[in-house]
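One structure is given below, encoded as structure tokens.
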Amino acid sequence: MPQSIRSLLTTGWLVCLLAVSATGQTTHVQREARLLEQPRSDAVVLDVLTPGMTVEVVDVQGNWASVRLQATSEMGWVETQFLSQAPGGAQAAAGGQMTDQELQKVRERVGRMNQNIDSLGLKVEGLLMKVEGREEMAAPAATGRETAPGGMSRPSEAERGGAEMEAASLRGEAYHWRNAFYMGQYLRGGQNFFGLSFTRLLDGSAHIALDGRAQYALGEVRGAVDDFIDWTLGLNFNLFPQRYRIYPYFGAHFGMRNLLEDSLPRRNFFIVSPACGITAELSSIFSAGAEIRGVFMFQEGIRRDEGTVSFFIGYCW
């Protein structure tokens, strides 16, 4: 399981445990008091609390405490001077702090949760390998597993390395070139187009790729009178390709538009094309995705704006 997801789950569990530990303390009403809708003296009176009533402290803000009546589950605010002081750890929790013993219990729970998350990640990774027939590439070693506190085993360095190597092959590190077939439409002109692209990774982390593309657009008139070809060359920057099998990317490309009917002068345009899209690594060979691209055309100081939306299927080698 990716380190970022594991850290996020651990943080979430820790916040939940702290929230539960810091609330839910019960106390008693010391003197008759008013239960108010807001933490101020001129707020609407919801109820009258009598001495001896048991209430649950939900939150504390200055001299006001948000309480819940155990009998009716009604909630409101009451001044803390009307409540009895909670002894020991309850008083520390009502003030927003935890004792050393409570913190140690929280640490132990978080440690056990970390172990469970690691175990779940290994099971999911093993299931994916079985489904895709890749057990041999990242099979766990028979020995060398580390034992975590509590008796649970952790993956060895060899196992982690095998899993990372297999994940890398799905996220672009195992190949250098990608060929993709595109189909889409120009948003303003409405022309349908199809094309081919050739992509070359420039770094080992699979972030930066050199991308060249040529696409043929079909005009409205039968034949090649108003058909044209756009060809571009530029760079794509992939976001999080090492963590996820589905990741977004941004691109910047430059090129030319060539109209096939060349009897009229000035039929070529200079193109600037920013792009953004999403890529899904279907396996170690095939990929798919979608892209939105702007097409800004320049011709002797005149600018024309266009855009495209497309889908693609890629082959990695």
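What follows is calculated from the coordinates using simple rules that are stated; it is not laboratory data. These numbers were taken from a predicted model, which means no experiment stands behind them. Virtual Cβ from ideal backbone geometry, glycine too; neighbours counted across all protein chains shown.
Based only on other Cβ atoms within 10 Å, what is the fewest-to-most ordering of L36, L49?
Ordered by Cβ neighbours within 10 Å, fewest first: L36, L49.
Can you list residues whose amide H is under 5 Å from H253's amide H, if they're 5+ apart or on another chain and H is modeled 1.01 Å from N?
S273
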